[in-house]
Amino acid sequence: LLVFLGLALPGTQGKVFSRCEMVKILRRHSFQGFEGTTVADWMCLVKHESDYNTKAYNNNGPSRDYGIFQINSKYWCNDGRTPGSKNACHISCSKLLDDNIDDDIQCAKKIAREAHGLSPW
């Protein structure tokens with residue numbers, strides 16, 4: 001049983017970025033100064049929302065939060081389960097759980113752009 005659990009667990013965890021990796025990614029994608037925010041603001045957000053884990057997931061009742069930025073299925077992505085989903089980022093929520101965070105970044109920036117900051121989080 002322990003061997004089976006040991007084999008099953010790696011699949012449940014996505015890529016977990018180190019703090020330094022995440023800073024470099026945010027700088028490379030021009031988060032500094034984006035909509036009046038700093039890289040430090042985004043680092044705090046990503047740390048507390050997902051602990052830098054691409055497969056982070058949170059059930060909020062009728063909606064769910066997905067990925068490293070914990071993007072919500074009611075407004076921003078489509079998980080096929082959330083009633084009245086707006087899918088404003090035009091993306092499947094499952095894409096927010098893979099190790100490629102380019103689409104997560106695009107959606108997070110769209111959210112921040114529309115809110116003029118980080119208030120949605």
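The values are calculated or read from the model by the stated rules, or taken from the named source; none is laboratory data. What you see is a predicted model; the values in this text were computed from it and never measured. A quick note on method: Cβ atoms are made from the backbone with ideal geometry, for glycine too, and the neighbour counts reach across all protein chains shown. Ligands, DNA and RNA are excluded from the accessible area calculation, which covers all protein heavy atoms including side chains. Shrake-Rupley method; radii C 1.70, N 1.55, O 1.52, S 1.80 Å.
Tell me which cysteines of the chain come out unpaired when the rule is another cysteine's Cβ under 4.7 Å.
20, 44
Solvent-accessible area per residue for the stretch 42-85 at a 1.4 Å probe radius, Å²?
Details: 1970 Å² over 44 residues.
Result: 45 Å² of accessible area for each residue.
Order of 105-114, 75-84, 62-71, 14-23 by packing, highest average Cβ count within 10 Å first?
Ranked from most to least packed, the peptides come out as 62-71, 105-114, 75-84, 14-23.
Quick check: convex hull of the Cα atoms in the chain, volume per residue, rounded to a whole Å³?
Looking at the chain, the number lands at 111 Å³ per residue.
Please compute the net charge surrounding residue 85, taking Lys and Arg as +1 and Asp and Glu as -1 over other residues with Cβ under 9 Å from its Cβ.
Every neighbour counted, the sum reads +2.
If you roll a 1.4 angstrom probe over the protein chains with everything in place, what fraction of the accessible area of the chain belongs to carbon and sulfur, to the nearest %?
The nonpolar share, carbon plus sulfur, comes to 55 percent.
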